[in-house]
Amino acid sequence: MKAIILAAGYATRLYPLTKNKPKPLLEVGGRPIVEHIMDKLGDLDVVDEVFVVTNNKFFTYFLEWKSGFESETKITIVNDKTMSNEDRLGSLGDIRYVVETMKVDDDIIVVAGDNLFEFSLKPMAELFASKQRSVVALYDVKDRELARHYGIVSVCENNIITNFEEKPIEPKSTLSSTGIYIYPKQVVEHLIAFTEQNDADKAGNFLEWLHKQEEIHCCIADEKWFDIGTIEQLEKARKEFKGVTR
């Protein structure tokens with residue numbers, strides 16, 4: 001399995017912190033966000049390479065980070081060649097870019113690079129191995145007002161997606177997609193085809209389409225998840241996140 005960390009955004013909502021520094025390299029708990037993600041991916045024996053996809057503006061920043069970060073898993077920094085927020089490829093576009101340019105022919109696990117989470121990815125990997133179907137990690141935000149800001153998922157009793165809606169005005173549940181997905185390689189082919197005809201900006205766009213075509217299984221996390229979209233969310237994570245220190 002290959003891992004893709006999505007780190008090609010420009011994080012304009014976090015200016016001035018991210019004007020000259022990519023969001024995944026902001027520190028929480030004394031370490032860059034991306035290193036906390038690498039810790040979680042490092043627990044998965046099935047992952048043999050991690051692609052960190054970034055943009056032309058921040059490419060050298062990630063090369064410098066990689067040179068000082070020790071990892072038993074191979075890390076490849078991929079430059080999607082975009083220069084600004086206006087010409088970005090989007091989450092799905094970047095997945096496609098990595099798959100096509102790196103000639104990926106495996107199952108993939110995708111993690112948004114602004115994700116901080118305390119839960120293990122092992123249950124996801126085990127569920128995927130068992131079902132051989134797409135798996136998404138969910139987190140219960142426990143508040144319908146808060147749920148309006150996320151991609152919200154409804155599930156049946158077997159934790160299979162029955163509905164997905166991006167930033168709903170009237171949320172049907174409080175289960176948020178965390179931006180962590182495992183896709184079998186045949187679904188990756190569907191994803192690439194999807195980007196040719198549809199908006200490639202948000203990963204949730206594909207999830208909304210896919211669950212109507214086939215079963216998507218869910219892991220609902222008990223431990224905390226932080227979506228670092230604003231300075232307030234970053235400060236909250238810095239106060240509450242319990243990562244592994246080195």
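Report summary: the helix-based calculation at 222 nm, which adds -39500 (n - 2.57) for every DSSP H run with n ≥ 4 and divides by the residues of the chain, gives -9000 deg cm²/dmol. Subtracting the Cα-Cα distance of residue 13 and residue 81 from their residue separation scaled by 0.36 nm leaves 22.3 nm. Note on the range 32-132: Lys pairs 8 or more places apart or on different chains, Cα atoms under 30 Å apart, count 22.
Quote the Stokes-Einstein diffusion coefficient, in whole µm² s⁻¹, for the range 1-160, based on the Kirkwood radius over alpha carbon pairs, a temperature of 10 °C and a viscosity of 1.306 mPa s.
Numbers: Rh = 16.9 Å.
Answer from the Stokes-Einstein relation: 94 µm²/s.
Annotation: the antiparallel percentage among DSSP beta bridges lying fully within the chain is about 50.
Subtracting the Cα-Cα distance from 0.36 nm times the residue separation, let me have the gained length for residue 209 to residue 39 in nm, one decimal.
Working: separation 170, 0.36 × 170 = 61.20 nm, distance 3.08 nm.
Stretched fully, the residue 209-residue 39 segment lengthens by 58.1 nm.
As a length-normalised measure over Cα pairs under 8 Å and 6 or more apart, the relative contact order of the range 18-161 settles at 23 percent.
Using a 10 Å cut-off on Cβ atoms, rank the peptides 139-145, 21-27, 106-112 from the highest mean neighbour count down. Show your work: numbers first, answer last.
Numbers: 139-145: 14.4, 21-27: 20.7, 106-112: 22.3.
Those peptides, ordered most packed to least, come out 106-112, 21-27, 139-145.
In summary, no lysines lie within cross-link reach of residue 212, defined as a Cα separation below 16 angstrom excluding same-chain residues under 8 places away. Listed peptides 44-50, 167-173 appear in the order 44-50, 167-173 once ranked by packing, highest mean of other Cβ atoms within 10 Å at the front. Arranged from fewest to most other beta-carbon atoms within 10 Å of their beta carbon, 120, 67, 134 become 67, 120, 134.
Laboratory data are not the source of any read-out in this text; all were calculated from the coordinates shown. Every value quoted in this text rests on a predicted model; they were computed, and no experiment measured them. Don't worry about glycine lacking a Cβ; one is built from the backbone with ideal geometry, like all the others, and counts go over all protein chains shown.
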